[in-house]
1. Can we say SER54 is farther than 22 Å from GLU275 by Cβ, touching a Cys at 6+ places or on another chain (Cβ under 9 Å) and open to solvent by 10 Å² or more (accessible area, probe 1.4 Å)?
2. Restricted to the range 94-112, and to residues that are outside any helix (DSSP H, G or I) and of a type in the set (Val, Ile, Thr), which residue is nearest to GLU146 (Cα to Cα)?
3. Exactly one of (1) of a type in the set (Gly, Ala, Ser); (2) in contact (Cβ under 8 Å) with a residue 40 or more places away in the chain; (3) surrounded by fewer than 23 Cβ atoms within 10 Å (Cβ to Cβ) is unmet by ALA112. Its number?
4. Would you check which residues across the range 58-91 are assigned to a strand (DSSP E or B) and under 25 Å from GLN253 (Cα atoms) and list them?
5. Taking LEU126 and the conditions (1) of a type in the set (A, V, I, L, M, F, W, C); (2) open to solvent by 30 Å² or more (accessible area, probe 1.4 Å); (3) assigned to a strand (DSSP E or B), which numbered condition does it fall short on, given that it satisfies the others?
6. (1) closer than 22 Å to GLY219 by Cβ; (2) of a type in the set (Lys, Arg); (3) assigned to a helix (DSSP H, G or I): which one isn't true of ARG168, the others all being true?
7. Considering only the range 137-184, state which residues are of a type in the set (D, E, K, R) and crowded, with 17+ Cβ neighbours inside 10 Å.
8. Please tell me if VAL231 is of a type in the set (Val, Ile, Thr), at pLDDT 85 or above, touching a strand residue (DSSP E or B) at 6+ places or on another chain (Cβ under 7 Å) and not in a helix (DSSP H, G or I).
Amino acid sequence: MQNIQESAQWIGDQIGRQRLDIGLILGSGLGDMAEQIEQATVIPYSDIPHFPVSTVEGHAGQFVIGKLEGKNVIAMQGRFHYYEGYSMKKVVFPVYVMRQLGVRTLVITNAAGGMNRSFQAGELMLISDHINMTGDNPLIGVNHPELGVRFPDMSEAYNRGYRALAKRIAEQMGEERGSAVRLQEGVYAGISGPNYLPPAELTMLARLGGDAIGMSTVGEVIAARHAGLKVLGISCITDMAVGEELEPLTHDQVVAVANRTKPVFIELVKRFVREVDSEA
């Protein structure tokens, strides 16, 4: 708790103690979203007391703080992963820091493999729920009441109202473009990584109800709900991870597809930030 407060105080000193409304966690290949933020203050994670450092290609490793669509936002341009060797508590540390800075709404994005056969690479998926297959939980250990209750409810980990708003925005975008913006919805299966899964494990997770699979997000959402934040989760489906039809995959391929999807993704998130009531 002391480390969280010290990190938040240090960041607050850099930005003049302004209250922040919305937090953004930007996944693989999606960090360019932060370039849309105006009047930006850029803070490398390495400068912040008690912060880990992002080591993954495609993750810039810095906070970008400023104005987006009239709201005060703080964006993580790159996140931390369990597979980097950090404890799950360290992975979710920035979520609690953002909460200390006033954030009440958190938009979490990631790159994910599509296990649902009706999906296509390059589409976006609203996360309706998740399956935690990481083998860990950030809330294990002593609970700090200042952060949240001992047994937080996860019946609505991903806010229904936020998902409805995102769907409405996608429909509006489709009407304006003259072509539908395909916004899928489904369950995200979170694994530890760093290896991409073999066919048998993908088939198992699909049968358990997973629609997409990735190596992040789940711990962050658990921490966010523990801290009382409302969450919108969006996956960029960068490849199809169908067990029976699996093909070799590299991280470069994942980032390349995420890059192609960026214009629609950025527009969707910007409109969501503009229209969401982060105080509700």
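The values are calculated or read from the model by the stated rules, or taken from the named source; none is laboratory data. From a predicted model like this one, the values you see are computed outputs, not experimental measurements. Because the Cβ atoms are built from the backbone with ideal geometry, glycine has one as well, and the counts that use them run over all protein chains shown. In case anyone asks, the SASA skips ligands and DNA or RNA and just uses the protein heavy atoms, side chains included. Shrake-Rupley method; radii C 1.70, N 1.55, O 1.52, S 1.80 Å.
1. No.
2. The residue in question is VAL103.
3. Failing condition for ALA112: (3).
4. GLN62, ALA75, MET76, GLN77
5. Of everything listed in (1) of a type in the set (A, V, I, L, M, F, W, C); (2) open to solvent by 30 Å² or more (accessible area, probe 1.4 Å); (3) assigned to a strand (DSSP E or B), LEU126 misses just condition (2).
6. (1)
7. ARG163
8. So VAL231 fits the description; yes.
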